[in-house]
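All remarks here apply to the structure that follows.
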Amino acid sequence: MSRKVAHNALWNVGGQLVSLGVGLVALPILLHALGAARLGVFTLTLGLIGFSGLFDLGLSRALTQTVSSSLGMGRSRAQVAALVRRD
């Protein structure tokens, strides 16, 4: 089990490092293309969008767990879809 955890942890860290690298490359390009003021507005907008995930209140995780559990019990796609949409 610990070997699998270590493998997944490396993938997680690798994904974070790739994101960091892309950000470090993209930031000077965006600064040059947008200018300092527009880059600031862009950064604040991205921050507000990220912060809005706080108001999810865990509903997306709960829905993912419910759908996964329903599929694992062998329910049909129509029954699972009824969990997600409102008729």
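The values are calculated or read from the model by the stated rules, or taken from the named source; none is laboratory data. What you see is a predicted model; the values in this text were computed from it and never measured. In this analysis, Cβ positions are derived from the backbone assuming ideal geometry, glycine residues included, and neighbour counts consider all displayed protein chains. Side chains are part of the model used for accessible areas, which takes the heavy atoms of the whole protein and leaves out ligands, DNA and RNA. Shrake-Rupley method; radii C 1.70, N 1.55, O 1.52, S 1.80 Å.
Key figures for this structure:
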read-out: Stretch gain in nm, segment ILE29-ARG75, where the contour uses 0.36 nm per residue and the Cα spacing is subtracted; value: 11.6 nm
read-out: Theoretical FRET efficiency, 1/(1+(r/R0)^6), r = Cβ-Cβ of ASP56 and SER19, R0 25 Å, to 0.05; value: 0.75
read-out: Cα centre as origin, Lys/Arg/Asp/Glu Cβ charges: the chain dipole, Debye; value: 320
read-out: Residue-level accessible surface for THR66, protein heavy atoms, 1.4 Å, Å²; value: 60
read-out: Probe 1.4 Å, accessible area per residue of the chain, Å²; value: 89
read-out: Accessible surface of the stretch 1-86, 1.4 Å probe, proportion on carbon and sulfur as whole %; value: 69
